[in-house]
Amino acid sequence: MSDAWLIVLAIFAAGVVGGLTNAAIAGELRLPHRDPEARVYKPGWIGNVLIGGVAALVFWGLYGPMGQAVLIGTSSTAGPEPTLRVAELFAALLTGIGGGRLLTAEVEKRFFDKEKKALTETKDVLAIAVQGLAGEVKK
């Protein structure tokens, strides 16, 4: 296996650890499941791990030293040597945490939006019921 592929695996693994760290911080160390009351899909730790790994690869591909490497075709200049620096590995870990956090925040947002809608509907039903009871008491 070439050094470039070992680096890609290391970056992905660091992002996976970051995603798992986020799942632990967010209290999402559960398997993926659907919340029947809120009708929201929660990706659990597996979703956090996958998003963390992919986010780390994307970040490294965009901003790492290999971002300018030619993948297909030829280049008139010599490309960069595949290397992995300690800072890049830890940036991948941090990116994994951030990517997992974005996923967790989106799920929480959808959950709370649906919960707010349900509470508003309940409040409206209760207000109508109270008005009806108040009208009966006045009679």
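Every residue in the range 93-139 that is without any contact (Cβ under 8 Å) to a residue 24 or more places away in the chain and polar (S, T, N, Q), please.
Selection gives Thr120, Thr122, Gln131.
Does Gly67 meet the test of being at pLDDT below 80, in contact with a Phe, Trp or Tyr (Cβ under 9 Å, 6 or more places away or on another chain), small (Gly, Ala, Ser) and surrounded by fewer than 17 Cβ atoms within 10 Å (Cβ to Cβ)?
In short, yes.
Out of everything in the range 23-51 that is assigned to a strand (DSSP E or B) and touching a residue at least 60 places away in the same chain (Cβ under 8 Å), what residue ends up being nearest to Gly99 (Cα to Cα)?
The selected residue is Lys42.
Looking only at residues that are exposed (fewer than 13 other Cβ atoms within 10 Å of the Cβ) and aliphatic (A, V, I, L, M) in the range 25-52, which one is modelled with the lowest pLDDT?
Leu29
Taking the stated definitions as given, is Leu20 of a type outside the set (Asp, Glu), more than 10 Å from the chain's Cα centre (by Cα) and not in a helix (DSSP H, G or I)?
no
Test Ile7 against the criterion of being over 21 Å from Val86 (Cα atoms) and among the β-branched types (Val, Ile, Thr), and give yes or no.
Considered against the rule, which asks whether it is over 21 Å from Val86 (Cα atoms) and among the β-branched types (Val, Ile, Thr), Ile7 comes out as no.
Which of the residues belonging to the range 76-131 are in a helix (DSSP H, G or I) and either at positive phi or small (Gly, Ala, Ser) (or both)?
Answer for the range 76-131, where residues must be in a helix (DSSP H, G or I) and either at positive phi or small (Gly, Ala, Ser) (or both): Ala87, Ala91, Ala92, Gly96, Gly98, Gly99, Gly100, Ala105, Ala118, Ala127, Ala129.
The values are calculated or read from the model by the stated rules, or taken from the named source; none is laboratory data. Since the structure is predicted, the reported quantities are computational estimates derived from the model, not experimental observations. Every residue, glycine as well, gets a Cβ built from its backbone with ideal geometry; the counts of neighbours run over all protein chains shown.
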